[in-house]
1. Taking only the stretch 1-59 into account, find how many residues are of a type in the set (Lys, Arg), part of a helix (DSSP H, G or I) and modelled with pLDDT under 50.
2. Looking only at the stretch 103-122, which residues are in a helix (DSSP H, G or I) and charged (D, E, K, R)?
3. Which ones in the stretch 47-74 are buried (at least 19 other Cβ atoms within 10 Å of the Cβ) and acidic (Asp, Glu)?
4. Kindly establish whether Ser145 is more than 22 Å from Ala49 (Cα to Cα), among the polar types (S, T, N, Q) and not in a loop (DSSP other than H, G, I, E, B).
5. Would you say Ala137 is assigned by TED's automatic domain parsing to the domain that holds Ala91, touching a helix residue (DSSP H, G or I) at 6+ places or on another chain (Cβ under 6 Å) and under 19 Å from Ser100 (Cβ atoms)?
6. Taking the stretch 87-102 on its own, how many of its residues are assigned to a loop (DSSP other than H, G, I, E, B) and either under 17 Å from Lys144 (Cβ atoms) or among the aliphatic types (A, V, I, L, M) (or both)?
7. Within the stretch 51-84, count every residue that is in the same structural domain as Gly129 (by TED's automatic domain parsing), over 21 Å from Gly133 (Cβ atoms) and within 11 Å of the chain's Cα centre (by Cα).
8. Find the residue count for the stretch 148-164, including only residues that are among the β-branched types (Val, Ile, Thr) and assigned to a helix (DSSP H, G or I).
Amino acid sequence: MELFIFRRETRGRQQSATNQVGGEPESQKYSNDFIAWATRRGESPDDAAYNRLYVDNVLLASLAATGDKRAKSIFTRGLALSDYLLRYSCATGLLAIHDSASIPGIEAAAKDAPKGVDMFFAMALLGFGTKEGDEAAARVLSDKSVLPELIANRDRQKQKSQMTRPAHKRLQ
């Protein structure tokens, strides 16, 4: 499954400076599967890598920043992508639209994330501020000792955001 927000055209960017000055050959820099996938899409391996690492994540983060609930289906489908960075971006999108029903899906998307990245999924789950989100975050973390600190940080951020709200909104 691939995620398409809108079509982009790749305009024959030159290969990276690393390859131009005698860096790693393409065959060592990317797996054969990745090179074949990029070729099928009509992209050079460098363009495909750049787009997956930067462009797609920025597009998802920008969409998440809108808080538009119509993006729910994009974010939900994105949790099944093979790229864990894109899955994380989709998890934060679901957090941004306050879709707490997606907590089990976010937890499932975090299962095979590399150690260390699981903390980012846990922070997204903690962001919901619910018992279910907190419990899912605890299950996702490989290093359970950081959970109290993550919860304390979430609570400090929540308190700080409430203090910066206008007085008439704090009273509501």
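1. So the answer is 0.
2. Glu107, Asp118
3. Within the stretch 47-74, Asp47, Asp56 meet the criteria.
4. yes
5. Numbers: assigned by TED's automatic domain parsing to the domain that holds Ala91: yes; touching a helix residue (DSSP H, G or I) at 6+ places or on another chain (Cβ under 6 Å): yes; under 19 Å from Ser100 (Cβ atoms): yes.
In short, yes.
6. Residues flagged as assigned to a loop (DSSP other than H, G, I, E, B) and either under 17 Å from Lys144 (Cβ atoms) or among the aliphatic types (A, V, I, L, M) (or both) within the stretch 87-102 amount to 1.
7. Qualifying residue count, the stretch 51-84: 2.
8. The total comes to 1.
The values are calculated or read from the model by the stated rules, or taken from the named source; none is laboratory data. Here the structure is a predicted model, which means the values were calculated and not measured. As a convention, Cβ positions derive from the backbone with ideal geometry for all residues, glycine included, and neighbour counts pool all protein chains shown.
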